Amino acid sequence: MLPTPKESAVPSSGVLAFYNAVPSVVWSGLSLGPLVVFCYQHMARPWLMGLLGLSLLAYAVPRSWFRYWQLSRVPAMYRRLGVPVVNWLAQDGALVHALVRRRYPHYRRLKTRRSVAAVVANSYHMERFHIAALLFFWFVSGYAAVQNQRAWAGVLTVLNIGYNLYPIWLQQYLRLRLAPVAARSMKPTPPS
């Protein structure tokens, strides 16, 4: 009988990408599907391109401006709004990490200063993406309302809250929770 190979203590980046792709594809499909249908069937192409271009300007916003629209400086406000539930269901969220840890019990996402810094940097990237998407959904919802397509405007507004507003708050919440860890990791270590 051949010995069974030991499982590695840490999942490969491909395994992590797969686990994280599942919630991303599910939520993106559920939210972007109706948006694409509306834009394809009901929106004039010049308006579509113009509003998309305007939304993409969110990528030009400097990171230092993000603090101006932060909902709260304390995690309690985010907890009251149910943001941890979004963290449970999101990519790199609690459910994904629980599933990864079932197979790789020693896996920890935040184990070094570099990993904390990478998560914080990624949170700004994700927030910027969802701000651009929030603006586009908002513009398309407004277009639908002006065109007297109130049902579409309502559906797109609800999807915008779930797909963009809550993920923006999630990134802010994660940074607040990581702030003490990041502050500790920034302190110079005393020489031994």
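Of note:
- Which numbered condition residue 87 fails, given (1) polar (S, T, N, Q); (2) within 13 Å of residue 174 (Cβ to Cβ); (3) loosely packed, with under 15 Cβ neighbours inside 10 Å: (3)
- Residue in the range 28-51 that is under 14 Å from residue 132 (Cβ atoms), in a helix (DSSP H, G or I) and more than 20 Å from the chain's Cα centre (by Cα) present: yes
- Count of the range 131-146 residues, restricted to those that are within 16 Å of the chain's Cα centre (by Cα) and surrounded by fewer than 21 Cβ atoms within 10 Å (Cβ to Cβ), is 3.
- Filtering the range 78-132 to residues that are among the β-branched types (Val, Ile, Thr), free of Cβ contacts under 8 Å to residues at least 12 places away in the same chain and within 15 Å of residue 165 (Cβ to Cβ) leaves only 85.
Quick note: the coordinates plus some simple rules give every number you see, no bench work behind them. This one's a predicted model, so the numbers in the text were calculated from it and none came from an experiment. Using ideal geometry, Cβ is built from the backbone for each residue, glycine included, and neighbour counts are taken over all protein chains shown.
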